[in-house]
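Contents: one structure, followed by commentary.
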Ligand code: UDX
């Protein structure tokens with residue numbers, strides 16, 4: 001199939017590259033000339049494991065190319081994927097300006113009838129509007145078919161997820177168009193689920209809202225575990241063994257961030273409100289998530305007393321491991337709160353430092369190694385569970401820090417391991433280990 005993908009961001013680029021990998025001829029369109037030039041040379045503008053190699057392979061095979069020109073991309077196109085951003089407006093609703101711009105341009109540039117597939121996360125009812133807008137702008141009065149095909153990719157494993165997803169949702173009012181989409185996706189060998197347009201749009205929001213709910217739920221349980229002396233990791237594991245509950249997304253920590261959960265939960269609350277439904281449960285999920293991030297500040301305060309003048313090492317800045325994405329990362333409110341309280345901040349992340357500089361407050365010292373960040377620190381805060389942090393020899397905390405106080409927002413270490421060292425260790429929903437007062441460590 002000849003496919004055009006509009007928007008070469010996380011979703012569009014991964015979708016385009018993976019569609020090329022399974023044999024389609026794909027042209028990715030983006031407005032950013034510099035980005036297009038970079039991608040044409042085989043460099044990915046985002047960090048995503050496996051993406052760049054796959055991009056290069058398909059560029060070489062002539063199945064993938066990049067352009068800024070809709071006209072060029074639409075020459076022989078059969079299917080157009082819409083993968084532009086739907087960021088959040090101040091009131092929480094999804095901003096559809098990029099979708100509308102793209103739809104108008106599809107209308108004015110389309111040279112033949114085709115299928116338009118929406119990958120972007122859009123409020124229920126938007127696909128019908130997109131179709132109407134394209135047809136209204138079409139100079140040659142072209143008819144199109146519209147299909148909603150939401151993505152469920154996690155950043156950091158987006159390529160893997162494309163080939164190993166649990167389901168592909170195809171929402172359409174037209175069976176022929178749905179069958180074309182089914183054929184396009186067949187080589188992925190992932191179960192396909194057909195629905196109408198509105199249900200497909202809703203599946204995306206409901207799935208993200210449910211996963212966010214699991215996270216806030218376990219974070220609430222973690223607070224109770226702290227009070228009653230239970231271990232939330234064991235509780236989550238025990239709960240997850242029940243297949244009706246499932247083990248995934250029950251990891252307590254400093255809450256969810258990223259480009260999807262915060263935005264999509266807010267958008268769903270708004271969507272419900274606009275349809276005279278007060279989505280109380282999801283509002284609480286969002287509230288719990290905000291307070292969860294600030295819990296780390298309270299824990300730091302408790303452990304060090306006055307934060308003013310303390311040298312604080314922030315370990316991990318990205319919203320989760322294996323990505324350089326800083327959108328809605330917990331490190332942002334945490335760094336601001338520490339700055340306001342007069343901390344001297346040193347920060348480390350294996351790959352997100354460049355992006356972090358644009359999001360974190362000024363006056364932070366960035367270090368290129370974990371050990372350099374720890375050297376002389378009064379307290380270390382773990383914000384992202386990078387493998388490098390999880391695998392760190394724990395003696396480094398004792399050896400390099402001015403005082404080995406570790407506040408772990410991601411429960412990176414087993415408590416039994418920590419107990420072997422002279423570390424004051426505070427985590428989420430687990431008993432605090434206070435061994436820094438011991439003059440001789442046990443190891
Ligand atoms: C999410 C969805 O998983 C994906 O299906 C959707 O298409 C886009 O949004 P992503 O944002 O890339 O993907 O990351 P994900 O792995 O889902 O994690 C989101 C956030 O939740 C991260 O900040 C992560 O640290 C946090 N999280 C996740 C937890 O705090 N606990 C968990 O158990 C799981």
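Most tightly packed first, judged by the mean number of other beta-carbon atoms within 10 Å of their residues, the peptides 150-158, 66-74 read 150-158, 66-74.
Using the count of nearby Cβ atoms within 10 Å as a rough guide to exposure, how do 328, 368, 100 rank from fewest to most?
In order of increasing Cβ crowding within 10 Å: 368, 100, 328.
Measure nothing fancy, just the Cα-based angle from helix 51-60's long axis to the longest principal axis of the chain, in degrees from 0 to 90, nearest 10. With both axes taken from Cα atoms, the answer is about 30 degrees. Please determine, in degrees from 0 to 90 and to the nearest 10, the orientation of helix 280-304 with respect to the longest principal axis defined by the Cα atoms of the chain, where the helix direction is its Cα long axis. That helix lies at roughly 30 degrees to the long axis. So what's the Cα pair-distance distribution over the range 340-443, bin width 5 Å, in %? Reading the bins upward from 0: 2, 12, 23, 25, 19, 11, 5, 2, 0.
Computed over the range 55-125, the P(r) tail beyond 21 angstrom holds 38 percent of alpha carbon pairs. By other beta-carbon atoms within 10 Å, ranking 254, 168 with the fewest at the front produces 168, 254. Taken over the C-alpha atoms, the range 325-396 has Rg and Dmax values of 11.9, 33 angstrom.
Subtracting the Cα-Cα distance of residue 420 and residue 351 from their residue separation scaled by 0.36 nm leaves 21.8 nm. Inter-label distance, residue 71 to residue 227: 6.7 nm, where each label sits 7 Å from its Cα along the C-beta direction. Think of it as helices only: each DSSP H run of n ≥ 4 in the chain is worth -39500 (n - 2.57), and spread over all residues that comes to -13000 deg cm²/dmol at 222 nm. Using C-alpha pairs under 8 Å with a sequence gap of at least 6, the mean separation divided by the residue count of the range 368-437 gives a relative contact order of 29 percent. Set the Cα radius of gyration of the chain against 2.2 N^0.38 Å, with N its number of residues, and you get 1.07.
On the principal axes of its alpha-carbon atoms, the range 159-202 has extents of 29, 22, 14 Å, going from largest to smallest.
Taking the longest Cα principal axis of the chain as reference, the axis of helix 97-109 is set at about 20 degrees. When the Cα gyration tensor is reduced to axis lengths a ≥ b ≥ c, the ratio a/c is 1.5 or higher for the range 179-288, and with a/b not above b/c it is classed as oblate. With a 10 Å cut-off between alpha carbons and a GNM built on the chain, which of 228, 288, 169 moves the most? Fluctuation is largest for 228. With 0.36 nm allotted per residue and the present C-alpha distance subtracted, the residue 112-residue 189 stretch has 24.7 nm of extension available.
Quick check on the range 286-407: take the gyration tensor over C-alpha atoms, sort the square-rooted eigenvalues as a ≥ b ≥ c, and tell me if it's rounded (a/c under 1.5), prolate or oblate.
rounded
Over the range 26-74, what portion of Cα pair distances is larger than 17 Å, expressed as a whole percent? Summing the P(r) tail past 17 Å for the range 26-74 gives 30 percent.
By other beta-carbon atoms within 10 Å, ranking 244, 183 with the fewest at the front produces 244, 183. Using only the Cα atoms of the range 224-322, build the gyration tensor, take square roots of its eigenvalues as a ≥ b ≥ c, and label the shape rounded, prolate or oblate: rounded if a/c is under 1.5, else prolate if a/b is larger than b/c, else oblate. It is oblate, given that a/c is not under 1.5 and a/b is not larger than b/c. With contacts taken as Cα pairs under 8 Å at a separation of at least 6 residues, the chain carries a relative contact order of 11 percent. A crude spin-label estimate for the pair residue 371 and residue 160, with each label 7 Å from Cα along the Cβ direction, gives 2.9 nm. For the range 136-205, relative contact order (Cα pairs under 8 Å, six or more residues apart, normalised by length) works out to 36 percent. With equal scatterers on the alpha carbons only and no solvent term, can you work out the Debye log10 of I(q)/I(0) for the range 1-85 at 0.12, 0.16, 0.22, 0.23 1/Å? Computed log10 I(q)/I(0) values: -0.27, -0.49, -0.98, -1.08.
Each reported figure results from applying straightforward, stated rules to the coordinates on display, with no laboratory input. What you are looking at is a predicted structure, and each value in this text was computed from that prediction instead of being measured. Methodologically, a virtual Cβ is constructed for each residue, glycine included, from the backbone with ideal geometry; neighbour enumeration extends over all protein chains shown.
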